[in-house]
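Reading through the structure tokens given below for one structure.
The values are calculated or read from the model by the stated rules, or taken from the named source; none is laboratory data. Computed from a prediction, not measured in an experiment: that's the story for all the values here. So basically every Cβ, Gly included, is an ideal-geometry build from the backbone, and we count neighbours across all protein chains shown. These area figures cover heavy atoms from the full protein model, side chains too; ligands, DNA and RNA do not enter into them. Shrake-Rupley method; radii C 1.70, N 1.55, O 1.52, S 1.80 Å.
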Amino acid sequence: MMEGKKILIGITGSIAAYKIPLMVRRIKKMGAQVKIIMTPDARDFVTPLTLSVLSENPVLTKAFNEETGEWVSHVELGLWADLMLIAPASANTIARMANGIADNLLLTTYLSAKCSVLFAPAMDLDMFRHPVTKENIGKLEKKGDILIEAREGELASGLCGEGRMEEPEKIVEILSDHLKKKELLKGKKVMVSAGPTYEAIDPVRFIGNHSSGLMGYEIARSAAQLGAEVYLISGPTHLSIQHPKVYPVKVTSAEEMYHACLEVFPDCDAAVMAAAVADYTPEQIADKKIKKASGMQQIKLRKTRDILKELGKRKTNAQKLIGFALETDKELENARQKLENKNLDLIVLNSLKDKGAGFGTDTNKISILSKKGNVKEFSLKSKKQVAADIVDELVALMKS
Ligand code: CTP
């Protein structure tokens, strides 16, 4: 999968940098082009000359090429790459990446890169365990960068513990898998609905629910990481997403979500409907704040339109449709019914009986039911991992 790919490697000041030349050789042998940027500190650990010979390209550290004296455009470097790998990624560089500090060529290139960025931390045990480092790594992952987990083992300090850079052979394998995966949904358009809807009662009050939107946002990110263009129809949430292939469409009410979904769906190859859409909405919205003194005791509600059901009616044979079912009892039976009634290809079942599943948690436990009657059960995982499982099922569905 490396053949013809353009890999940009950023090397920072860490003893693990000595392992990079052999890794570069391996990547080159697999047919990829390699360009290398080093931070000034990295040059104390490994020589630019070695890396330049192995990569067959000048090694860059400054905004001008020291050999030719030409200006090096970080924007062009970022656009050139199919993938950027930062390895070893020191605590210092990770902190700068997480906070948008751009005081060397590696960092300016990182900030302008449009491709996926993978980073392999390497540092001493205590630095790795420090809450600030953990927070910075979390920030990068949230932004969509891919962490290559550090391993436990002997460290340069003589201590033994977590913080050792992943072995280069494994890093190359991860890069290759990533490039392979990145193309699985290339050229496909996927719509994802996420979050709650708010149904206005008057200008200050609404009927809503506890959905955070996290499940839908992670599905959107995961599909985009596999190369899809994603239209994320989102109800009100505190979440935001920055990915060049995710196009967010913000809505508030079930009615707005209905119209947005119906407009976007005809152009899509698939939809995953993770939103917690209100089933009922006030029949009338008061145009002024309802005063206590008015003595109002009842709000008359009417049914909202079932967006997923409508999409099920409209979908073509080529389009795939995945829905969710949040149940508290007779879970499988109810989910199966929804799958049939709404003409879905797959339904993702959450049971509120399972601890850690459903709303307001960072974890979820799902089962996926197919039209053919198969039931796949998954263990309790982070919503990010659950999203990857759902998107893997979508990929399989689209191949079938
Ligand atoms: N859904 C939708 N539009 C609605 C209601 C639900 O698109 N107005 C979608 C949800 O996004 C989800 C699926 O339908 O993918 C099932 O939602 P759920 O609330 O579990 O089921 P309902 O059909 O609303 O049935 P009930 O509330 O009676 O369980």
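Restricting to DSSP H runs of at least four residues, report the calculated mean residue ellipticity at 222 nm for the chain, -39500 (n - 2.57) per run over all residues, nearest 500 deg cm²/dmol.
On the way: 13 runs with 132 residues, N = 400.
Calculated mean residue ellipticity at 222 nm is -9500 deg cm²/dmol.
Could you state the accessible area per residue of the range 6-182 in Å², with a 1.4 Å probe and every protein chain left in place?
Working: 8190 Å² over 177 residues.
Heavy-atom SASA per residue in the range 6-182 reads 46 Å².
Taking Cα centroids, how far is the range 184-206 from the range 356-400 in Å?
Cα centroid of the range 184-206 versus Cα centroid of the range 356-400: 19 Å apart.
Can you find, among A335, A228, A387, the residue sitting farthest towards the positive end of the charge dipole of the chain, where Lys and Arg contribute +1 and Asp and Glu -1 at Cβ?
The residue sitting farthest along the positive end of the dipole is A335.
Angle check, please: helix 168-181 long axis (alpha carbons) against the longest principal axis of the chain (alpha carbons), in degrees 0 to 90, nearest 10.
40 degrees
Please work out how much length the chain gains when fully extended from V375 to I290, using 0.36 nm per residue of separation minus the C-alpha to C-alpha distance, in nm with one decimal. Each step should come with its number before you reach the end.
Working: separation 85, 0.36 × 85 = 30.60 nm, distance 4.83 nm.
Full extension of this stretch gives 25.8 nm more.
Tell me, in nm to one decimal, what length is gained between D354 and D392 on full extension, where the rule is 0.36 nm per residue of separation less the Cα-Cα distance?
Details: separation 38, 0.36 × 38 = 13.68 nm, distance 2.27 nm.
The D354-D392 span can extend by a further 11.4 nm.
Helix 131-143 sits at what angle to the longest principal axis of the chain, using alpha carbons and giving 0 to 90 degrees rounded to 10?
70 degrees
Contact order normalised by length for the range 256-357, with contacts defined as Cα pairs under 8 Å and 6 or more residues apart; what percent is it?
Details: 118 pairs, mean separation 27.4, N = 102.
Relative contact order, the range 256-357: 27 percent.
For the chain, I need the span (max minus min coordinate) of the C-alpha atoms along each principal axis, in Å, sorted largest to smallest.
77, 53, 43
For the range 189-399, what is the accessible area per residue in Å², given a 1.4 Å probe and the full set of protein chains? Display every interim value, and only then the final one.
Values: 10940 Å² over 211 residues.
That works out to 52 Å² for each residue.
What percent does the relative contact order of the chain come to when contacts are Cα pairs within less than 8 Å and at least six residues apart?
Values: 843 pairs, mean separation 42.1, N = 400.
Averaging sequence separation for qualifying contacts and normalising by length gives 11 percent for the chain.
Given a 1.4 angstrom probe, I'd like the percentage of the accessible area of the chain that is carbon and sulfur, rounded to a whole number.
50 percent
Excluding same-chain residues fewer than 8 positions from K288, which aspartates and glutamates have a Cα within less than 20 Å of its Cα?
The qualifying aspartates and glutamates are E199, D202.
Mind checking the dipole of the range 273-326: about its Cα centre, +1 per Lys or Arg Cβ, -1 per Asp or Glu Cβ, Debye to the nearest 20?
Working: 13 positive and 5 negative charges, 23 e Å.
Here the size comes out at about 120 debye.
Given the whole protein assembly as supplied and a 1.4 Å probe, what does the accessible area of D41 come to in Å², nearest 10?
90 Å²
How much of the DSSP bridge set in the range 75-190 is antiparallel, in percent, rounded to the nearest 5? Walk me through the intermediate numbers first.
Details: 4 of 11 bridges.
DSSP beta bridges in the range 75-190 are roughly 35 percent antiparallel.
What's the Cα-based Rg to Rh of the range 71-202, Rh via Kirkwood? Intermediate values should be presented prior to the final figure.
On the way: Rg = 17.9 Å, Rh = 16.8 Å.
With Rg and the Kirkwood Rh in hand, the quotient comes to 1.07.
Output the 0 to 90 degree angle, nearest 10, between the alpha-carbon long axis of helix 20-29 and the longest principal axis computed from the alpha carbons of the chain.
70 degrees
Can you count the Lys pairs in the range 10-166 whose Cα atoms are under 21 Å apart, with each pair 8 or more apart or on different chains?
So the count works out to 11.
Quick check on my link table: of K6/K376; K353/K399; K181/K381; K180/K383; K303/K342, which ones sit more than 26 Å apart, alpha carbon to alpha carbon? Mind showing how you got there, number by number?
Numbers: K6/K376 38 Å; K353/K399 33 Å; K181/K381 21 Å; K180/K383 23 Å; K303/K342 17 Å.
Those over the limit are K6/K376; K353/K399.
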